[in-house]
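Just below is one structure, and these are the notes that go with it.
Nothing in this text is a laboratory measurement; each read-out follows from the coordinates by a stated rule. As the structure is a prediction and not an experimental result, all values here were calculated from the model. Please note: Cβ atoms are built from the backbone with ideal geometry, for glycine as well, and neighbour counts cover all protein chains shown.
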Amino acid sequence: MDRVKAYLRFLGTSFAVNVQAVVEYRANFLVQTFGMMLNNAAFAFFWAVLIGKVGNVGGYGFADVMLIWALVSSSFGLSHAAFGNVRSIGQIVQRGELDLYLLQPKDVLLNVLASRTVVSAWGDFAYGFLVLALLPGLSPGRFALFAVLIVIGAAIFTATFAAAESLCFFLGDATGISSAVTEFMLSFSLYPESIFGRGMRWVFYTILPSAYIAYVPLAAMKALDWGLIPPLLGIACLYAAASYGFFRLGLRRYESGNQMGARI
Amino acid sequence: MSAISVQRLSKSFRSKVRPEGLGSSLKSLIAPSYREVEAVREVSFEVEEGEVVAFLGPNGAGKSTTIKMLTGILRPSSGYCSVLGLDPSRQRTALARSIGAVFGQRSQLWFHLPPSDSFRLLGAVYEIEPEVLARRVPELVERFGIGPYMDMPVRKLSLGERIRCEIAASLLHAPKVLFLDEPTIGLDLVVRREVRALLSEIARRDGTTVFITSHDLGDIERVCKRAIIIHHGGVVVDESMKELRHRSLSRKFIGVKYASPVDFELGGLKPVKRTETAASYVVDTNEHRLPEVLRALVGRGELEDLTVEDEALEDIIARIYAAGASTGEAGL
């Protein structure tokens, strides 16, 4: 229990310090946060025009598409706001900056992940809630279910990106693969499931698990079904454990380095 | 109990051989070849609790690799090391609570935030009770004279101010062993002296074991009691600073200046540098008796100046490096 308390204090302080670091540049923080919300809103306009012309896409109406955007955007945002280094692990390893984390009495992966927040992710996170608020049928139950689903989504995003980044331990440079994983995860998540073939669907229910971030949560939201939460939680734990194990396996191969550096 | 125990510790890295030219590069894409680079080779030594030890060696000698194995950053390829009775690669987290580290090239302070925020976070990292932290921080702030910088973003601090904050941060959790890798790199003379004084005080007052690598021999002379020198991955010298200094006793540096030109040839002894009226000699006292040499120089003409000096520590170590480079072993 003491361990859990100590980790919660560490994560809380880390998050507070990260927020202080980004708020230090107030203008940048505001521009990036609201810029990201605007960027996401542009896609809503695109979908509104498209669905207005063709009726629906793959069985999805405008509200479905917006709900998917809300879920994915907030999950992605939460993942990068809380664990901002999730897509920088490869770079940190390559530059030998893992030394700093290895010198501290905390779990290395958790320490690395929690050491940064991504400013634009705050915009993504807020955008999902804004869309949810604008969609019809907002209720406390729907809001609570959305909040739980995006925590699960954030965990799955984090686990998948961390695993892709950990490839750098084995390949040296895995930047390309990691970028591709991000692109695929987002592309699979933000379009209706039925437009993809069976082979692709197998991919996003297994190695690139965007189904558990977008399609399953969408079904849960539409039916206000809390019954899907336990299996989704189990799946998130499974991906997190696999990703953690993969990182630990890679860590054994860490070779450090001598490049000069500072904590930004 | 030894604070640090190292037995036949080795570390090898597998390095890809990169041939020159496009053709060879393409060939290596299909059939890459690798070679083993031995960064540390069967290094053994013990450091007692409270000792202040300099770990020296030229660039690429294996100093940083050894420190990284001792702090749990790297896993040894073979051999064994323990710090405070713990195996760094297997008990990294437990060890991290009892050691501190300052890497001159890396900062543990947040660049955009004042040190006070980094201290708060490090308190959470090291699980220091808030009330203990509230006592400890002002104590370190006063001791290191960093009060004026505590609320300034680290990016606005000078290197000297930053390194003082770094060392204070590394002592927050009262470590029993402090590892310092080039702590005075890039610092000016005045700040270097301040840092050395602080390190000496840490060792004296707190009884902290200090293990320091530095290219600045001023650090070593003023702070350390013992030196371990490694070269080509192996230990070539492990002795007290006193013993290291004794290595120079058989070599004396003599400088003379006369009022008018004289003949500087002294039997078998030739000057290493000379002008018409001045010269310097390096005298090996095993071959020449010093009083006789001095008598001969005094009788050579009207003296204006005469100096006799021991060899500088820098030169002693440079000779050890050079001997190590040519033979792979120690020798003077």
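The calculated Kirkwood hydrodynamic radius for the range B:115-162 is 11.3 Å, given to one decimal from all distinct C-alpha pairs.
In vacuo Debye scattering of the range A:2-251, one point per C-alpha: log10 I(q)/I(0) at q = 0.14, 0.17 Å⁻¹? Debye intensities relative to I(0), on a log10 scale: -0.98, -1.40. Rounded to two decimals, the Cα-based Rg/Rh of the range A:66-135, with Kirkwood Rh, is 1.15. Ordering B:Cys81, B:Cys165, A:Cys237 by the number of other Cβ atoms within 10 Å of each residue's own Cβ, fewest first, gives A:Cys237, B:Cys81, B:Cys165. Using the Cβ-Cβ distance between A:Val31 and A:Trp226 with R0 set to 41 Å, the FRET efficiency from 1/(1 + (r/R0)^6) comes to roughly 0.60. Counting only residues at least eight positions apart within a chain, or on another chain, the lysines with an alpha carbon under 16 Å from that of B:Lys270 are B:Lys252, B:Lys257.
Of all the options A:Ile156, A:Ile51, A:Ile229, the one that moves most in a Gaussian network model of chain A with Cα springs shorter than 10 angstrom is A:Ile51. This ranking places B:Phe253, A:Phe10 by how few other beta-carbon atoms lie within 10 Å of each, fewest first, which gives B:Phe253, A:Phe10.
Which value, in Å to one decimal place, does the Kirkwood hydrodynamic radius take for chain B when every pair of different Cα atoms is included? About 23.0 Å, per the Kirkwood formula over Cα pairs. Overall dimensions of the range B:212-264, expressed as equivalent-ellipsoid semi-axes from the Cα gyration tensor (√(5λ), whole Å, largest first), are 34, 13, 11.
When chain A is treated as a GNM with alpha-carbon contacts under 10 Å, the residue of A:Val93, A:Val203, A:Val119 showing the greatest mean-square fluctuation is A:Val203.
When the Gaussian network model of chain B links Cα atoms closer than 10 Å, the mean-square fluctuations of B:Glu287, B:Glu201, B:Glu314 top out at B:Glu287. Convex hull volume of the Cα atoms of the protein assembly as shown, normalised per residue: 221 Å³.
With N the number of residues in the range A:1-104, Rg(Cα) / (2.2 N^0.38 Å) evaluates to 1.51. Placing one equal scatterer on every Cα of the range B:249-310 and applying the Debye formula, the log10 ratio I(q)/I(0) at q = 0.17, 0.18, 0.21 Å⁻¹ is -0.49, -0.55, -0.76. The fewest-to-most ranking of B:Asp305, B:Asp216, B:Asp117 by surrounding Cβ atoms within 10 Å reads B:Asp305, B:Asp216, B:Asp117.
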